[in-house]
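Everything below concerns the one structure shown next.
The values are calculated or read from the model by the stated rules, or taken from the named source; none is laboratory data. Every value quoted in this text rests on a predicted model; they were computed, and no experiment measured them. All Cβ positions, even for glycine, are placed from backbone atoms using ideal geometry, and neighbour counts span all protein chains on display.
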Amino acid sequence: MIKFKHFKIVTIITLLITVSCNKGVLDKVPLDIISDAVVWNDQALVEAYLTGAYVSTTVFTNDAVVVESSAQPFFAMFYVNNVSDESKSTSNFSGNAYVFKTGGLKIQGGLMEWWEKSYKVIRSLNELIERLPQSTLSEEFKNKRIAEARYLRAFNYFYMVKRYGGVPLIKKAQSINDSQEELYASRNSEKEVYDFILSELKEISSILPKIQAANDWGRPTKFAALALTSRAALYAGSIAKYGTLQLNGLLGFNASEANSYYQQSADASRQIMESNQFKLYDADADKITNFKNIFLVKKNAEVIFAKQHDGSNKDIGGAGWAYDYFQCPYPNGWANGIHDAPYLEVVESFENKDGSSGKLDQAVLNSKLWTMQELWGNKDPRFQATIYTQDTKWQGRNLNFYNGIRTADGTILTVGSYQGVLANGDQKSTQTGFGVMKYLDESKENGDGSTAGIFGSTQDYIVFRYAEILLNDAEAAYELGLTPEALDAINKIRTRAGIALLTSIDMEHIRNERKVELAFEGHRYWDLRRWRLAEDYLSRNGHGVRYILDHATGKFLVKLKDKQDGTVTSPLFGKQNYYFPITLTRTANNANLVENPGY
């Protein structure tokens, strides 16, 4: 627990603000020491104060604690991918993701923590929510900014509850003069936290505007509130159905409550769907290009809420981030790249265009030499928009992932060259044979190792998009027994993707559709946890492929590579890991906190 006793009421701000919402929210605003009364009666200072909460809510970007400072870890935005069954990290800078993936989440914690930082944000929001109503500013301004603050508070609490389960609900700015009970708060139940989030969102969805003005684009709208409702209620419904009550009701829900939460999720999704404010992005005739552009075309019709980036150097006050620099094909300016190496299991989850299984058969693989067109050309177009591999075209060249060259006598060389052809391609041999294409901007130059080059990514990070709402709707509808509605929502996504429609549906179809549509967007890890499937899927050692170039034909031998996570320590997700530990440090600071089971 944060030592609230040592917090002072802070209404004086000194900060440099650069946040990804819009120019008005993002401008660099240096503030000197300013009196309380001035802050709450000056619109610009209130804006700056609220901007501090946007700045500090770094989990907007793929659950990252930090994403945009060269003084902090570059790679927090990748951790949620690397601890899932989506990818391994092949970077030299992978941090602790591997430790936590292989059973290292212990009582000391350390995995994607969102506790102290979240409570700091929540405290500042509580102060605004309490102080702004007494301001002399216009009622319209006050109501709108208070609703925003409540949205950010609900967002932060959701990112806490999905980690820790029940946490203390602090709804007022604490004072050093508060009672010990208030300063050292006990945990509210998981249900109480979810219910608070959902009730807040219900109220503010009628206050927030349907559409933000151009200079306010990037602030939450009514539909951003509904989108968070759609997601949070779906999580609560899943935990009620698939989880168990623990710690005398502190964790979990009664199973009988599942449908109530599924219904709340479905209702929120339907409000967004019936508003006609958003639609699946479908502007490009080529299905591969179209899916890529969802993440590259700014402010497109699919985006409900996003964190903006303009590509300028973050260290000098800009709004760039480091995504392309580390996720791009090898090499970047640091002789690195391919931070996330997708597992073969992710690749196989992408069906063929006709709807047939995309799973590879090792006997068939071993039966012949392959071109990439023969191997991957018939797959769901989302595959090539999401994954790069051997012969993928990138910045005017074909990527070469092959590791080894077969000579005329059948010998496979792995060093040097053969008749002028290198024995190994230009991509790292430590990877799985794949990299992540989603969000990559091919026009960005990644050879610049300066801070400007590193933090030069310009893509907005999409927090909520319309396809997720359709997927949430499909899952909630199916759980409620509304199978036709679920099938219709899934088939809308498959139509846009360019893949055969389903004629029937079950949870496996819905789960797989989420896996491929939302790959590497930070959903998979949390989905497996809320479905209580993580003990299985996150305890498997992933596979890859090895391409061997046949010199005579230019085709490839394709071999499966097992144990891509290592032969010594395999991935391990324990039953206790469905909740992060509160940690020894926090329970020592606050004796009223109860530790989660199993730690």
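Key figures
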| quantity | calculated |
| --- | --- |
| Those residues of the range 510-522 which are assigned to a helix (DSSP H, G or I) and over 20 Å from Lys287 (Cβ atoms), in sequence order | Ile510, Arg511 |
| Pick from the range 398-408, criterion under 30 Å from the mean Cα position of the chain (by Cα) and either aliphatic (A, V, I, L, M) or not in a loop (DSSP other than H, G, I, E, B) (or both), ranking: surrounded by the most Cβ atoms within 10 Å (Cβ to Cβ) | Leu399 |
| Pairs where the first residue, in the range 500-517, is touching a residue at least 60 places away in the same chain (Cβ under 8 Å) and over 20 Å from Glu345 (Cβ atoms) and the second is assigned to a loop (DSSP other than H, G, I, E, B) and of a type in the set (Gly, Ala, Ser), C-beta under 6 Å, 6+ apart | Ala500/Gly355 |
| Tally, over the range 207-227, of residues that are at pLDDT 95 or above and among the small types (Gly, Ala, Ser) | 3 |
| Residue match in the range 69-92 (condition: outside any loop (DSSP other than H, G, I, E, B), modelled with pLDDT of 90 or more, surrounded by fewer than 20 Cβ atoms within 10 Å (Cβ to Cβ) and of a type in the set (S, T, N, Q)) | no |
| Number of positions in the range 95-125 that are of a type outside the set (D, E, K, R) and surrounded by fewer than 18 Cβ atoms within 10 Å (Cβ to Cβ) | 9 |
| Flag for Leu360 being farther than 30 Å from Gly449 by Cα, touching a residue at least 40 places away in the same chain (Cβ under 8 Å), of a type outside the set (S, T, N, Q) and touching a strand residue (DSSP E or B) at 6+ places or on another chain (Cβ under 7 Å) | no |
| Residues of the range 572-585 satisfying the condition of being crowded, with 21+ Cβ neighbours inside 10 Å and either modelled with pLDDT under 95 or within 18 Å of Ile239 (Cα to Cα) (or both) | Phe573, Asn577, Tyr578, Tyr579, Phe580, Pro581 |
| Output for the range 172-195, where each listed residue is of a type in the set (D, E, K, R), outside any helix (DSSP H, G or I) and either modelled with pLDDT of 95 or more or in contact with a Leu (Cβ under 6 Å, 6 or more places away or on another chain) (or both) | Arg187 |
| Residue check, Tyr525 over 24 Å from Ala285 (Cβ atoms), under 22 Å from the mean Cα position of the chain (by Cα) and not basic (Lys, Arg) | yes |
| Extreme residue, farthest from Leu518 (Cα to Cα), among residues of the range 409-440 that are outside any loop (DSSP other than H, G, I, E, B) and in contact with a Ser or Thr (Cβ under 8 Å, 6 or more places away or on another chain) | Tyr418 |
| Members of the range 235-271 found to be part of a helix (DSSP H, G or I), within 24 Å of the chain's Cα centre (by Cα) and more than 23 Å from Tyr466 (Cα to Cα), listed by number | Ile239, Ala240, Lys241, Tyr242 |
| Residue among Leu487, Leu501 that alone is outside any helix (DSSP H, G or I) and either modelled with pLDDT of 95 or more or buried (at least 18 other Cβ atoms within 10 Å of the Cβ) (or both) | Leu501 |
| Among the residues listed as Ala552, Ala588, the single one being under 30 Å from Asn378 (Cα atoms) and either at pLDDT 95 or above or part of a helix (DSSP H, G or I) (or both) | Ala552 |
| Among the residues listed as Ala283, Ala306, Ala268, Ala363, the single one being under 27 Å from Ala225 (Cα atoms), surrounded by fewer than 16 Cβ atoms within 10 Å (Cβ to Cβ) and aliphatic (A, V, I, L, M) | Ala283 |
| Complete set of residues in the range 348-359 that are out of contact with any helix residue (DSSP H, G or I) (no Cβ under 6 Å at 6 or more places or on another chain) and part of a loop (DSSP other than H, G, I, E, B) | Glu351, Lys353, Asp354, Gly355, Ser356, Ser357 |
